[in-house]
Amino acid sequence: MCVQERRARFALAVVLTAFVLYGVFTAIPATRPGATAAFAVLALLAGENLVGRRSTGTIIDERDQQIGMVALSAAFGVIWILLILGLMIPFYVLGPNGVLRVRTTALSDVVFAAMGIVYIVRALVMIVLYRKQANG
Amino acid sequence: MADGVLTNHIRRLRFDHDEMTQQELADKVRVTRQTIIAIEAGKYKPALVLGMRIAKFFGVPVEDVFELNDEVPA
């Protein structure tokens, strides 16, 4: 397993942990108001580049860059679709004059969740492409 | 990323060069071992620069390392 694949798996584990914690905090009434705090786990993503830092030789080459670009394109495509759906669905459900009331923490939840989805899709695409080339 | 159009003889060239390992070749051409594995298995088509770097390292023309199995109209 190459360093980039290990980093992708690390990022996937961190983001999934954040989402699971968010779900748990939301499910428990006592912790529901502060559920957004679960996304603090995403700070660990800063350590992604520390994974495999002690590996010798080339860590990132042209193939890794190519796979990274494909993964980022896929992540952008997914989040773009979700953004459009997120804007269109309320419009069609509530109508042009509809009013949607949300918690003040909803915006930060959406932003963190969107970032998490980008990381998840990117990591999954990278892992799939690396496994495909390793195993066929 | 690979479709059988481009085949290569890197494994044979490695063995002909004192049974060089994939890691040793990867270090010489500045890529990861997994990239060499993917190239040899035909699952990844290297960029021109990497292909020429491999050929230059083995001291053979690029055509002796990679083979294009594709019908090109005259």
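Just so you know, the Cα atoms of segment A:43-108 work out to an Rg and Dmax of 19.8, 60 Å.
In order along segment A:113-122, the Karplus-derived 3J(HN,Hα) couplings, from 6.51 cos²θ - 1.76 cosθ + 1.60 at θ = phi - 60°, round to 5, 4, 4, x, 5, 4, 5, 5, 5, 4 Hz, and Gly and Pro are given as x. Within 10 Å of the Cβ of each residue in B:29-41, the mean number of Cβ atoms contributed by other protein chains is 5. Here is the interface size for A with B: some 1200 Å² of accessible area buried, both sides summed, with a 1.4 Å probe. With each label modelled as a point 7 angstrom along the Cα→C-beta vector, the residue A:132-residue A:43 pair spans 3.7 nm. Relative contact order of segment A:9-117, please, whole-number percent, based on alpha carbon pairs below 8 angstrom and at least 6 residues apart. Result for segment A:9-117 is 27 percent. Sequentially through segment B:62-70, phi angles give Karplus couplings (6.51, -1.76, 1.60; θ = phi - 60°) of 4, 5, 7, 9, 10, 10, 9, 9, 9 Hz, Gly and Pro residues having no value and appearing as x.
Pop the C-beta distance of residue A:53 and residue B:9 into the FRET formula with R0 = 35 Å and round what comes out to the nearest 0.05. Once the sixth-power term is evaluated, E becomes 0.50. The sum of -39500 (n - 2.57) across all DSSP H runs of n ≥ 4, divided by the residue count of chain A, sets its helix-only mean residue ellipticity at 222 nm to -23500 deg cm²/dmol. Computed from Cα positions, the angle between helix A:3-27 and the longest principal axis of chain A comes to roughly 20 degrees.
What do you get for the angle between helix A:62-94 and the principal long axis of chain A? Use alpha-carbon atoms, 0 to 90 degrees, nearest ten. Helix A:62-94 and the main axis of chain A meet at about 10 degrees. Reported value for chain B: 89 Å³ per residue, from the convex hull of its C-alpha atoms.
The values are calculated or read from the model by the stated rules, or taken from the named source; none is laboratory data. On a predicted model such as this, the values are computed, not experimentally measured, just so you know. No Cβ is skipped: glycine too gets one built from the backbone with ideal geometry, and neighbour counts run over all protein chains shown. Keep in mind that these areas ignore ligands, DNA and RNA; they rest on the heavy atoms of the full protein, side chains included. Shrake-Rupley method; radii C 1.70, N 1.55, O 1.52, S 1.80 Å.
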